[in-house]
Amino acid sequence: MFIEYLPRQTYLHRLDIRTKLIGFIGIVILAFIFKDPLYNLAIAILVGILAFSIRMPLKKIYDLLIPLAPVFILIMLFSGLNFGQNFHGTNGTALFYLLPGQHLGVTRGGLLTGCTFVIRIFTMVIASSIVTLTTPIDDFIQLLNKMKVPYEFSFIITTAIRFIPTMNKKRMLIIDAQKARGAKLEEKGIFRQIKNYIPIMVPMIINSILMANTLSMAMLNRGFGYTRSWTSLKELSFTKWDYLTIIMIILMVISGIYLRFGLNKGFFT
Amino acid sequence: MNKAIELEDVSYRYPKARTSNLKNITISIEKGKFVVIMGPTGAGKTTLSLCLNGLIPQLLEGDLTGNITVAGRDLSKYRVQTMSKHIGLVLQDPEAQIFGMTVREDTAFGPRNLSLSVEEIYERVDRALEKVRLKGYEDRNTSELSGGEKQRLAIAGVLAMQPEVLVLDEPSSELDPEGRAEIYKTIDELRLEKDLTILAVEHYSEEVIARANEVVVLNQGEIAWRGEPEKLFRNIPLLYRLGIKPLPVSLVGWDLYQKGWITSDEIPLDVPTAEKMIRNLLIKHGNRQLESCSKRSGIKLQEKKSQPLLQVTNLKYRYNSGQTALRSINLTVQKGEFIALIGQNGAGKTTLAKHLNGLLKPTEGDVVIDGINTKESDTSQLSRVVGYVFQNPDHQIFSVSVEKELEYGLKNAGFEGAEIKQRIDEALKITGLEKYRNVHPFSLGKGERQVIAVTSILALKPKILVVDEPTTGLDWAGINKMMSLIKKLHENGTTIIMISHDMDIVAKHARRVIVMKDGGILLDGETREVFSNFEALQQAAILPPQIVRLTKGLEDLGFQENLLDESEFTAALLRKLEDVQCL
């Protein structure tokens, strides 16, 4: 998820990671206090506007949501089938029955709840990917440092990410070398597949070990562990936009809470 | 204090090793010098460099005895991390020494560990990048750098620690000539800094001679020779004994010295000096008309009417990204040829070679091998006709014994039982690996692993053998062994297509040379013919071998035809001097 960063210069990109996380939490709170799908839809639209503002590629949204489609359908089905006892009035009466003889009735309240659940998931998925898409990996690491996570940990994360392209290149070289010796990698069947991939995996592991050896030497050569910490190159800092955004988020959450609990809106029984 | 490095009776044995890897090394190196360590693989060069900053014995254990003092500090009293401020060690593989995602971030890694202030870190980063000529690359992604750039970045990474001593372990052995030139340009600039002492491990003789203040030759863990590079490279028998590749021009010089034409001090070490020396010699002793009697000329490629073994027609290849990698390649290869494929990195050599066994399929055009169109076949079928040996043997070795390693390809090709055994026996016999049949491949050296890779392909008895830089990273003995193996296979009737950056090898072995540039074939012809076309070679950024350059320089003195190697040249020269008849 870290490497999904979308290098752009939008308002959200410029915000501090902490502001973005507060915003994310605000959206989660709002999404969970309202039960009415219309209110949740409003929140989802807000998130949609944010996604639009960072020019999030539609393909990305599509890739995120398609695997969730079966989940959405199941949620609708199960909550729709929720029997009347949870709901009152029109919400509790069955609209129609799935099985003859008044079995498995689908209620209006159940369907509405299902809609709310689906919209909540949508909101969450999009909101969280907005955070990762607008935040460079460095900021996450700074955050870890701020949280007093040991610097070895953030070093492991950066190094792992740095070596993804390297290992990928190695993997391709190894596959080519084994194919040239007649390796058949396209064969069907799980066990055969595993067996066929041994000639790829073994050199991969051996090469990784050799590389890790050099890596550990190179780390020491460059003073890793000279002191108990290291210099952070970039400090997280709030700008006035961060403060303004945080105030707005807090206002929205408070008014949301007032709307829900003070005025008792956005809820149904 | 003017000693940068002092070793006193240092011996070291790796854990589990039977004999010592370093034996009683005593050496002291003055501040500001550039010293080169040479010697065959396994001589202890890398081991020695790892001792210099304490990685041995702090990270790699084992028995270390003797005293080591670097930059005035007794190594037994300091941690590697502390020494990293005084001695910078750059290891062989640049890839595994890069930690950052951008050039700036990576260079900052060392200073950050020292907990310096952000301003000072950036100042050091700027200075280090400037020294390796990577200024302006700060925000580049490290995974997109070329090999030479990566190696320079690795050097910048240790320079940012501002050490007094810089140790480079084979900084250029995995690089192409262009990358190597980059590295040595950087080293040249670093040498100008008075207080930086540089110690480099190097295989390539040509780079060492003009630069090193001193050469230390290691052999089996001992100092076998030390002194000025000129003395070493003029003493051909000594070089042979130490396993170091002599320069072709000095081989010519050695022969002249043996015949009494010049003194030993006159043995040339580069092309311009050689040219001047020979010019003087010929002017003094007369210049007889040279009649052609070269043995290898006249072998014209046989124009067979029969079907060619390999036919490439209008081959075009584009990457998925749409970038063109090969444009209109036409190529015909007859049975029994020995072809060298040369050109800069990125010229398309490997891309073309991968079309020959179907690893890549043409975007347009056809590749027909032994009557099979690669479009209608897959790599596993083609592997019986075309053997492809990749550059790094470690990318294919996965079995617990050499025998099992050979079995893999044979089983894939559908051979069974007795046939497999017989083919393994045969292949092991050709390559001389019989004694290693049941040995774990990774317990052998790099050179031997390279031979295993070739053997595993050989067992399939391919009609065409494609070898991708078979000599990269090998020492002189390894190179000779590999080339005599390839020569033997060629003599047994295998068609050889070799990708190489080593022009001496190309000139010596290939019968036909194909020069590639920007995804196309720039030149294709007999070796002699191709190497005489200096203009085209220059376009492809290829430096012809020393002897070819020397012959070209002496054209006006009657060296008309192109002479490819030192023995041809010496013969021609002696005929001019002594009026020796052609054999």
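Here are a few things to note about the model shown:
- On full extension, the segment bounded by A:Ile73 and A:Arg18 gains 16.3 nm, given 0.36 nm per residue less the C-alpha separation.
- Helical content of chain B, expressed as a calculated mean residue ellipticity at 222 nm, amounts to -11000 deg cm²/dmol (DSSP H runs of 4 or more residues, -39,500 (n - 2.57) each, divided by residue number, nearest 500).
- Value in Å of the Kirkwood radius, where chain B supplies the Cα pairs that are averaged: 26.2
- For B:Lys361, net neighbour charge (Lys/Arg +1, Asp/Glu -1) across residues whose Cβ lies under 15 Å away: -1
- The stretch A:140-269, relative contact order [Cα under 8 Å, separation at least 6], %: 25
- Where the Cα pairs of the stretch B:3-242 fall when distances are cut into 10 Å bins, in %: 8, 32, 36, 20, 4, 0
- Unit charges on C-beta of K, R, D, E only; dipole of chain A, Debye: 540
- With the simple spin-label model, which puts each label point 7 Å out from Cα in the Cβ direction, the B:Lys487 to B:Tyr240 separation comes to 1.5 nm.
- Fully extending the segment from B:Glu266 to B:Arg73 would add 65.2 nm, taking 0.36 nm per residue of separation and subtracting the current Cα-Cα distance.
- Comparing B:Asn345, B:Gly387, B:Ile420 along the charge dipole axis of the stretch B:328-420, the residue lying farthest to the positive side is B:Asn345, per the Cβ-charge model.
- Rounded, prolate or oblate (a/c below 1.5 giving rounded, otherwise prolate when a/b exceeds b/c) for the protein assembly as shown by Cα gyration tensor: prolate
- Paramagnetic label reach from A:His103 (point 7 Å along Cα→Cβ; backbone nitrogen cut-off under 19 Å): within the stretch A:43-79, residues A:77-79.
- Footprinting exposure proxy for A:Lys240, B:Lys446, B:Lys150 (fewest neighbouring C-beta atoms within 10 Å first): A:Lys240, B:Lys446, B:Lys150
- Calculated FRET value between B:Ser401 and B:Thr313, using beta carbons and R₀ = 30 Å, to 0.05: 0.10
- Helix A:151-179 axis, angle to chain A major axis (alpha carbon atoms, nearest 10°): 70
- Within the protein assembly as shown: Cβ-based charge dipole about Cα centre, in debye rounded to nearest 20 (Lys, Arg +1; Asp, Glu -1): 2260
- Here is the list for the stretch B:1-88: trypsin sites (Lys or Arg not before Pro) lying in DSSP coil, each with at most 11 other C-beta atoms within 10 angstrom of its C-beta, are B:Lys16, B:Arg18.
- Peptide A:155-163 is shielded by partner chain Cβ atoms: per residue, an average of 3 of them sit within 10 Å of its Cβ.
- Global geometry of chain A, whether rounded, prolate or oblate, following the gyration tensor of its Cα atoms and the 1.5 cut on a/c: oblate
- Were the residues from B:Ala418 through B:Lys446 laid out at 0.36 nm apart, the gain over their Cα-Cα distance would be 7.0 nm.
- Global geometry of the stretch B:1-95, whether rounded, prolate or oblate, following the gyration tensor of its Cα atoms and the 1.5 cut on a/c: rounded
- Taking chain A as a Gaussian network of alpha-carbon nodes connected by springs under 10 Å, the highest mean-square fluctuation of the residues A:Asp63, A:Asp138, A:Asp242 belongs to A:Asp63.
- Applying the Karplus relation 6.51 cos²θ - 1.76 cosθ + 1.60 with θ = phi - 60° to the stretch B:215-228 yields 3J(HN,Hα) values of 10, 10, 9, 9, 8, 6, x, 10, 6, 8, 6, 8, x, 6 Hz, where x marks Gly and Pro.
- Put a dot 7 Å past the Cα of B:Arg18, heading toward its Cβ, do the same for B:Val439, and the two dots end up 1.1 nm apart.
- Net dipole in debye of the stretch B:485-583 [+1 Lys, Arg Cβ; -1 Asp, Glu Cβ; about Cα centre; nearest 20]: 280
Read the figures in this text as sums done on the coordinates, not as results from a lab. Values in this document were obtained by computation on a predicted structure and should not be read as measured data. Positions of Cβ are generated from backbone atoms using ideal geometry, with glycine treated the same way; all protein chains shown enter the neighbour counts.
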